[in-house]
Amino acid sequence: MGKGHRLAFILVCLVGCCYADDATSDSNKPTGTQTWIDKLKKDLLVNYDRNARPTQHYNVTNLDLKITIRHVDIDEENSIFSMYGWVKMTWSDNKLKWNPADYGGVDLFRCNPDAVWKPDVVLYNNARGSDNLHYGQTNVIVYHSGEVLWVPPTDYHSFCELNLRFWPFDYQTCILKIGSWTYDGYKLNLTTSEEEPEIDIGVPNNEWSIRKVTTDRNTVFYKCCKEPYIDLQYNVTLQRHSSTHKAIVVSPAFVIMLLALSVFWLPPQCGEKIVLNGITVLVVTVFLIYFAQQLPAMSGNTPLIVTFYSMTFYLVAISTILSVIALRITRSKHCHPVPGVLKSQLDGCLGSTLRVGSAGQLEEDKEAAGGETPVSTKQHDWCRLAVLLDRLAFVVYLVIFAFSVIYFSL
């Protein structure tokens, strides 16, 4: 072949290559109204199985999970903790990789979450039975490297063991336990890159505030299987706002104590003592009915404030009995003197300490009456005994209420 023929052959080859490149480039371009993203999705998802984990069976898929808490609430009647927020899940999908240069520089696209594989991460301690639809159907973001980002709004409802012993000043710790339902740790490695969840409260709860949130990563081996199963456990500690409860529940408790104590300072022959006790019993009963409506029936941790009102109910009942006894003592005509043992207490240290008067008080009353004895000595001693009973009951009740306040405030 001559030099001229070789030169012509080279030119023909170069022109052919150029036409071939142009033809390939034209065939890769979108046609009609199709965009680069339309073509990219078509090429990536044409044979894509969204039910199969997008890697070889012997490889592990690493899932990074983060939580943003937007709102919390507790249903005390059903012992259910609710958390509303966002869950950020990131994993790698080997089937969703491409070269941006081949698709007009597109380096990411968004698609319906049902179009791609998603990890079956659910709430283990779910309070909604078989309903595990925790996440909203927001789009996933797919990057050219194969990384998939899904940030759906989240609605978690978990069972929470409540301890209402210190209601309404109580703290509650509720648990969210999240993990894969079918994939073991060899297939899906669940991790979190944050030390604690982000708290970004949108609408504050009027009753509860978040005090602390901790995260634990657990690896569990079940009896049925030899493979490990991984879960993330979020421990959310909540504090109840008690300002309203303090005005409704705590403040009246001090008023009830004052009413119960003031009964013993009325004269022993005063019938209004029983009336005042009846009013106090009525008030306590109203509060016990209020507690029955507000608080769930729980065994083992009855609120201390309820115990206090119940105790006060019994104490007022005993106070009424003592008032009846005092009225009986002071209004009856006694033929017999006060027994010697009780008489010695009236004239001794106990009577002096409680200031129930003395035997000489009768002489003073006699002089004030112009030499006439207003009451007999026996009747006077019985009245002093009724006063002693009231003063002694006052001291006992005061000690009981003081210890109750100290114990409940600890």
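The values are calculated or read from the model by the stated rules, or taken from the named source; none is laboratory data. Computed from a prediction, not measured in an experiment: that's the story for all the values here. With ligands, DNA and RNA removed, areas are computed over all heavy atoms of the protein, side chains included. Shrake-Rupley method; radii C 1.70, N 1.55, O 1.52, S 1.80 Å.
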Note, the range 159-175: 3J(HN,Hα) by Karplus (6.51, -1.76, 1.60, θ = phi - 60°), whole Hz, Gly/Pro = x, goes 6, 9, 7, 8, 10, 9, 4, 9, 4, x, 10, 8, 10, 10, 10, 10, 10
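Let me have the relative contact order for the range 59-102, percent, based on Cα pairs under 8 Å that are six or more residues apart. Don't skip to the answer; put the middle values down first.
Details: 49 pairs, mean separation 18.1, N = 44.
Value for the range 59-102: 41 percent.
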Run the accessible area of the range 177-331 with a 1.4 Å probe and give the carbon-and-sulfur part as a rounded percent.
61
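Hey, any idea what Rg/Rh is for the range 99-189, computing Rh the Kirkwood way over Cα pairs? Mind showing how you got there, number by number?
Values: Rg = 19.0 Å, Rh = 16.4 Å.
My calculation puts Rg/Rh at 1.16.
So, with a 1.4 angstrom probe, what is the percent of accessible area on the range 98-141 that is carbon and sulfur?
Values: 980 of 2110 Å².
Taking all protein chains in place, the range 98-141 shows 46 percent carbon and sulfur surface.
Using the heavy atoms of the protein chains alone and a 1.4 angstrom probe, what is the accessible area of the range 46-119 per residue in square angstrom?
On the way: 3640 Å² over 74 residues.
That works out to 49 Å² for each residue.
Take the alpha carbon gyration tensor of the range 194-323, find the square roots of its eigenvalues, order them as a ≥ b ≥ c, and report rounded if a/c is under 1.5; if not, report prolate when a/b exceeds b/c, else oblate. Walk me through the numbers before you get to the answer.
Working: a/c = 4.81, a/b = 2.66, b/c = 1.81.
It comes out prolate by the Cα gyration axes.
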Let me check the size of the range 148-215 from its C-alpha atoms; what are the radius of gyration and Dmax in Å?
15.7, 46
